[in-house]
Amino acid sequence: MSTQMQADLTGTTIAGHGLDWPQLFATRAERMKASEIRELLKLLDQPDVISFAGGIPDPALFPAEAFGAALTSALSGDSKGAALQYSVSEGYKPLRDWLVTRMASLGVECSADNIMITSGSQQALDYLGKLFLSKGDTALVGWPTYLGALQAFNAYEPSYDRLTPLGNRSAADYRETAAANGGKVKFAYASADFANPTGETLPESARNNILDLAEELDIAVIEDAAYQSLRYDGDEVPPLLALDIQRNGGIENTRTIYCGSFSKTLAPGLRVGWVCAAKPVISKLVLMKQAADLHSATLNQMAIHKVASDGFDAQVAKIKATYHARRDAMLAALSRHMPEGVTWTKPDGGMFVWVTLPEHFDGAALLAESLKTERVAFVPGKAFFADGSGANTIRLSFSCASEAMIEEGIKRLGRVVRGG
Ligand SMILES: Cc1ncc(COP(=O)(O)O)c(C=O)c1O
């Protein structure tokens, strides 16, 4: 074989000639665009920027020592072979058993067969998009909604329609719109507690409206519970899955697929989340996981299991105390420094406050101005809208800034907004 041919086979020469990659990519890749948030996060490492941009946990609160001990223990004695070996796609059984108890505390009676461990809840969203959406089918999502959900679903080329839990649009109307877009409505996706990006929580009546609509349309409900444990005040509202069980008498009769995560409570870097749903859904997801990555890292699942069983509630209490104080600091600072005409949500938990500016504002332009003149970062809200609206909104996260930084950052942001 000539050197030239060898080079062609390895791709070296082809790459050198500048292949027209996009014409080779599948149509599903067309909607895969760089996330504004992730691109932005790369630029924010400068020490003089006060950032309300990343919706990530404060690393100072990670239970690093507990994880150190858990990893050492998993890699010692009898468990070390299992910790480093291939394992089952359903996930580490002791962790699934722990989750059965945790779900029961939320009003969800289930067995370990109703639970599959995923690599973060993000993986669950990808799998659920793959499981339900044929090209042209419709997903119902909030306007705005979690950007990562849109990114996960986009790969399956759906249409989106607006889920309005407090509105009264008829099932027939949703059905007709979906048919006009060349498919069927397949699921409603909702983050019921302290949603990303708005921080809002759906009252029980709104959760019931979603279940009513889903029953009428005969579709699935995807419940994204990433922030559910982070409540700072107000009473717990039962998860959609718990309400669905109450209506239908048991998890096997439900249509709600609950996506949980240890990312916001223990540590996102270990990539451990879970799905809890009726067995037919779990069985299909297990086959998908086998095909995609076989299983989530066993060592990480063991560490999460040990740290969760030794002190999940204490860890959650610790982070809640810190985030609660930061949430209060942000709401107080917004009241002090924002001009009239600006409104914001008052979240009962989670990590976000959602700000709506007067109509003429553009969040992206405001960010550029804010970084230039006041060195404050946030996320422009438009990316969270499936219909491209929301230019006059911004998302602020209070999870990673100290109370003093929050006061200073919001004061600066107030100056930028007044200037706009
Ligand atoms: C609403 C929501 N769902 C899911 C995720 C994904 O989290 P993970 O994959 O770390 O569980 C996030 C992460 O920020 C989120 O905000």
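Read the figures in this text as sums done on the coordinates, not as results from a lab. Keep in mind that what you see is a predicted model, and the values were worked out from it rather than measured. Virtual Cβ from ideal backbone geometry, glycine too; neighbours counted across all protein chains shown.
The value of relative contact order for region 113-242, using C-alpha pairs under 8 Å at least six residues apart, is 24 percent. The residues neighbouring Glu157, those whose beta-carbon lies less than 12 Å from its own, together hold a net charge of +2 under the Lys/Arg +1, Asp/Glu -1 convention.
Taking amide hydrogens as placed 1.01 Å from N in the peptide plane, the amide H of Ile257 sits under 5 Å from those of Val221, Ile222, Glu223, each at least 5 positions away in sequence or on another chain. Size of the chain from its Cα atoms: along the principal axes, largest to smallest, the extents are 64, 59, 55 Å.
Antiparallel beta bridges, as assigned by DSSP with both residues in the chain, represent about 50 percent of the total such bridges. Using Cα pairs closer than 8 Å and at least 6 residues apart in sequence, work out the relative contact order for the chain, in percent. Once divided by the residue count of the chain, the mean separation gives 22 percent.
Using a cutoff of 8 angstrom between alpha carbon atoms and counting only pairs six or more residues apart, the relative contact order for region 92-142 works out to 26 percent. Between Gln46 and Asp235, the distance separating the two model label sites (each 7 Å from Cα on the Cα→Cβ line) works out to 4.9 nm.
Does region 289-346 come out rounded, prolate or oblate, given a ≥ b ≥ c as the square roots of the eigenvalues of its C-alpha gyration tensor, rounded meaning a/c under 1.5 and, failing that, prolate meaning a/b above b/c? It is oblate, given that a/c is not under 1.5 and a/b is not larger than b/c.
Counting only Cβ charges, +1 for Lys and Arg and -1 for Asp and Glu, the dipole size of the chain around its Cα centre is about 500 debye.
Using the Karplus relation 6.51 cos²θ - 1.76 cosθ + 1.60 with θ = phi - 60°, the per-residue 3J(HN,Hα) values for region 306-314 come to 5, 5, 5, 5, 7, x, 4, 5, 5 Hz, with x marking Gly and Pro. By the count of neighbouring beta-carbon atoms within 10 Å, fewest first, Val221, Val316 end up ordered Val316, Val221.
For the peptides 410-418, 266-274, residues were scored by their other Cβ atoms within 10 Å and the scores averaged per peptide; the highest-first order is 266-274, 410-418. For region 20-129, the set of GluC sites (Glu not before Pro) satisfying both a DSSP loop assignment and a count of at most 13 other C-beta atoms within 10 Å is given as Glu109. Taking every lysine pair in region 265-379 that is 8 or more places apart or spans two chains, those with Cα atoms closer than 30 Å amount to 9.
Report the one residue of His337, Ser283, Ala365 whose Cα lies farthest in the direction of the positive end of the charge dipole of region 255-413 (charges on C-beta: Lys and Arg +1, Asp and Glu -1; origin at the Cα centre). Going by the charge dipole, the pick is Ser283.
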